[in-house]
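The values are calculated or read from the model by the stated rules, or taken from the named source; none is laboratory data. This structure is a prediction, so every number in the text was calculated from the model and none was measured. Neighbour counts are summed over all protein chains in view; Cβ atoms, including those assigned to glycine, are modelled from backbone coordinates with ideal geometry. Surface areas here come from the heavy atoms of the whole protein model, side chains and all, with no ligands, DNA or RNA. Shrake-Rupley method; radii C 1.70, N 1.55, O 1.52, S 1.80 Å.
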Amino acid sequence: MINISNLSLYFGDRVIFDNIGITIKDNDKIGIVGRNGAGKTTLFKLILKELLPDNGQILIPNNQTLGYLKQELNLNTDNTVIEETLKAFDEIHAMEAEIVVIEEQLATREDYESKSYLQLVEDMISLGDIIKNHDVGALQGNVEKVLKGLGFEDRDFKRKVGEFSGGWQIRIELAKLLLRHPDYILLDEPTNHLDIEAIIWLENYLQSYPGAVLLISHDQRFLDNVTKRTIEIENAKIYDYAAPYSRFVELRKDRREKLLSAYTNQQAVIKQKEKTIARFMAKATKTKLAQSMQKQLDKMDKIELEEFDTKAMKLHFPPAERSGLVVVKADKLTKHFGEVQVLNEIDLLLERGEKISFVGQNGQGKTTLAKIIINKLDYDSGELKLGHNVKIGYYAQNQSDLLDTNITVLETMENNSSVETRTKIRKILGAFLFSGEDVDKKVVVLSGGEKARLALAVMLLRPFNFLVLDEPTNHLDILSKHVLKEALLDYDGSMIIVSHDREFLSGLTDKTIEFRDHKLKTFLGDINYFLEKRKIDDIRNIEFKSKVEKTQTKKIENKLSYEERKTIQRELTRIERKIEKIEKDIADLEKEMLNPNFHSSSVANEKFKIHGELKAELESEMIKWEEVQEQVENFN
């Protein structure tokens, strides 16, 4: 159990924490939330003893371990992925070696009552408890499982760490952290470098993790799926809610309404007292009374209200000229980087007004195709065409790095605004949490999150009819993401968005395109439809389960008689072939539905009817397939 009591911290004149206290139990799953700069990461640093409080204390039992995913990596790039990941157990091996040394010392000493001897005994017991609680043998068996869950494949295990990008190296560091199996895991924005599949795997892993998890994240769905408790940091105070994020938002609304009522009442009392004090100060006979009343008023515990809530604000992209019906069209597009093939004869059609999301594992070509579309990258073969009068607005993953760092926030907006949008500059900046003196800050002093928000604010000043957004929510807090999503929902142009944020994508796009094995697969719905269609909580688990089931089926079949095996196999084969045919017919129909002229054709209604009948037949055949499988199990 971690116990934080009466803790205060100051950075100069700024109060970061004012006499806060919380208790973190051994199996808590906690989301740490608050505006950027509220003190979330600072709280982690205090727990890790990287910072010392000005007052108060943090008590952590000596035999309990902390694990923190640092952003500064210290990996040996010459190691293979497996070699580097196995370093997760270096600390445990060091403890085992230390115990051997202690045992040797204890065996040669006879000062059994001395402090140093008793300290050695205590150290040996403490180290032994840690090693016992972290069964290295069992954990080592999970190395490949954890690496695969985070997106690595068998062929990656013997590759050098230096061959991987920074994002993939962070996954190696995350794997090492999880494999150390600390009593308390502290994660600061762990989903920033993960794709949807890896995020879902991590969710499942943390849900069943036996220790405590403290999570800073701006991924609302990730918070909802992992945490059961939410700690909000606001105005140097903390507010503890026994609820995941979405429920916390409702409870916070109730608290704020009560706070506003109390604030209004207190302001009325203060105003009345100030009037009385002013009146008494004018009379010499009541000056002392007035001064006494002023002292009481100064000592009053004033209720403070947080900054305005940006959810109440609505922003809009400026209207742009209408583009042609076809916005972008790719035919048999292929792209290699050296000997590595990324895209293999892919087709893509985006029509005016359509909003499409690109999803899939990192490295499958999402950003590559986005850069090809905006003419920032060449392709090897095939054809790509932009439609008539297409005006592209592009947000890159490193968009904030392209800002002029020598000018202020306000000047950045003014330099990118038109006459029509100049009057909206401060409103847009306010929605992205730049207010008051913030607008006069030089861009060079902004944090990564602040630069990302400024870069997005700039996009709201320009008229585009086609947006290509690559991971626009990285570094954004939940409120800023909400503002952006509302603006994109109202946007009447065409859009391609690359993102791994499921809550952000939910309801935002008309189609979801999955990148897998150098090809594209289109799903006629948003991210929720895609996930349901794929029937995944963790895609890799399902793929692994399928292989296991096939192996188990073979083992069971060997125990049946020859005639029984033959009959059942024949029936399974018949059903599987029928299922394959139905799935092919459905895929052909759905491909036909993607044709821009389909919906206006005379046979559209009939094809929709056939599509529904085929899906019903497929469901029926799947039930039959399950029944035959059950027969196999009953024979065993």
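Could you pull out the residue among GLU306, GLU321 that is under 29 Å from the mean Cα position of the chain (by Cα), modelled with pLDDT under 95 and assigned to a loop (DSSP other than H, G, I, E, B)? Walk me through it before giving the result.
Details: GLU321 fails: under 29 Å from the mean Cα position of the chain (by Cα).
Unique residue meeting the criteria: GLU306.
Of the residues LEU150, LEU174, LEU179, LEU206, only one is crowded, with 19+ Cβ neighbours inside 10 Å and farther than 12 Å from THR85 by Cβ; which?
LEU206
Kindly indicate whether LYS286 is in contact with a Phe, Trp or Tyr (Cβ under 6 Å, 6 or more places away or on another chain), open to solvent by less than 80 Å² (accessible area, probe 1.4 Å) and either of a type in the set (D, E, K, R) or farther than 30 Å from LEU489 by Cα (or both).
yes
What are the residues in the stretch 239-266 that are free of Cβ contacts under 8 Å to residues at least 40 places away in the same chain and open to solvent by less than 40 Å² (accessible area, probe 1.4 Å), if any? Step through it out loud before you land on a result.
As a first pass, look at the stretch 239-266 and keep what is free of Cβ contacts under 8 Å to residues at least 40 places away in the same chain: 239, 241-243, 246-247, 249-255, 257-258, 261, 264-266.
Within the stretch 239-266, TYR241, ALA243, VAL249, ARG252, GLN266 qualify.
Would you please name the residue that is farthest from GLU98 (Cα to Cα), looking only at residues in the stretch 115-130 that are surrounded by 15 or more Cβ atoms within 10 Å (Cβ to Cβ) and among the aliphatic types (A, V, I, L, M)?
Per the stated criteria, the residue is ILE130.
If you scan the stretch 399-424, which residues turn out to be of a type in the set (A, V, I, L, M, F, W, C), in a loop (DSSP other than H, G, I, E, B) and modelled with pLDDT of 85 or more?
Within the stretch 399-424, LEU403, ILE407 qualify.
Does LYS40 satisfy the criteria of being closer than 20 Å to ASN235 by Cα, open to solvent by less than 40 Å² (accessible area, probe 1.4 Å) and in contact (Cβ under 8 Å) with a residue 40 or more places away in the chain?
yes
Can you tell me how many residues within the stretch 433-466 are touching a residue at least 40 places away in the same chain (Cβ under 8 Å) and open to solvent by 60 Å² or more (accessible area, probe 1.4 Å)?
2
For residues that are among the acidic types (Asp, Glu) and in a loop (DSSP other than H, G, I, E, B), scanning just the stretch 335-354, find the one that is surrounded by the fewest Cβ atoms within 10 Å (Cβ to Cβ).
GLU339
So which residues in the stretch 355-395 are part of a loop (DSSP other than H, G, I, E, B) and surrounded by fewer than 17 Cβ atoms within 10 Å (Cβ to Cβ), if there are any at all? Give the derivation first.
Initial filter on the stretch 355-395 (part of a loop (DSSP other than H, G, I, E, B)): 361-365, 374-380, 387-391.
Hits for the stretch 355-395 are ASN375, LYS376, LEU377, ASP378, ASP380, HIS388, ASN389, LYS391.
Let's see how each residue does on (1) open to solvent by 70 Å² or more (accessible area, probe 1.4 Å); (2) among the polar types (S, T, N, Q); (3) modelled with pLDDT under 80:
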| site | (1), (2), (3) |
| --- | --- |
| GLU557 | no, no, yes |
| LEU560 | no, no, yes |
| THR567 | yes, yes, yes |
| LYS581 | yes, no, no |
| LYS584 | yes, no, no |
| LEU594 | no, no, yes |
| HIS599 | yes, no, yes |
| ASN605 | yes, yes, yes |
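I'm told LYS332 meets every condition in (1) farther than 21 Å from SER494 by Cβ; (2) part of a helix (DSSP H, G or I) except one. Can you identify the failing condition by its number?
Answer for LYS332: the failing condition is (2).
Select from the stretch 497-512 the residues that are touching a Leu at 6+ places or on another chain (Cβ under 7 Å) and farther than 19 Å from GLY167 by Cβ and list them in ascending order.
Within the stretch 497-512, LEU508, LYS511 qualify.
Of the residues in the stretch 425-443, how many are more than 27 Å from the chain's Cα centre (by Cα), at pLDDT 85 or above and of a type outside the set (Asp, Glu)?
Residues in the stretch 425-443 being more than 27 Å from the chain's Cα centre (by Cα), at pLDDT 85 or above and of a type outside the set (Asp, Glu): 6 in total.
Okay, residues lined up against (1) part of a helix (DSSP H, G or I); (2) over 28 Å from LEU214 (Cα atoms); (3) modelled with pLDDT of 85 or more:
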site: ILE238; (1), (2), (3): no, no, yes
site: ARG247; (1), (2), (3): yes, no, yes
site: LEU260; (1), (2), (3): yes, yes, no
site: ASN265; (1), (2), (3): yes, yes, yes
site: GLN272; (1), (2), (3): yes, yes, yes
site: THR276; (1), (2), (3): yes, yes, yes
site: LYS288; (1), (2), (3): yes, yes, no
site: GLN291; (1), (2), (3): yes, yes, yes
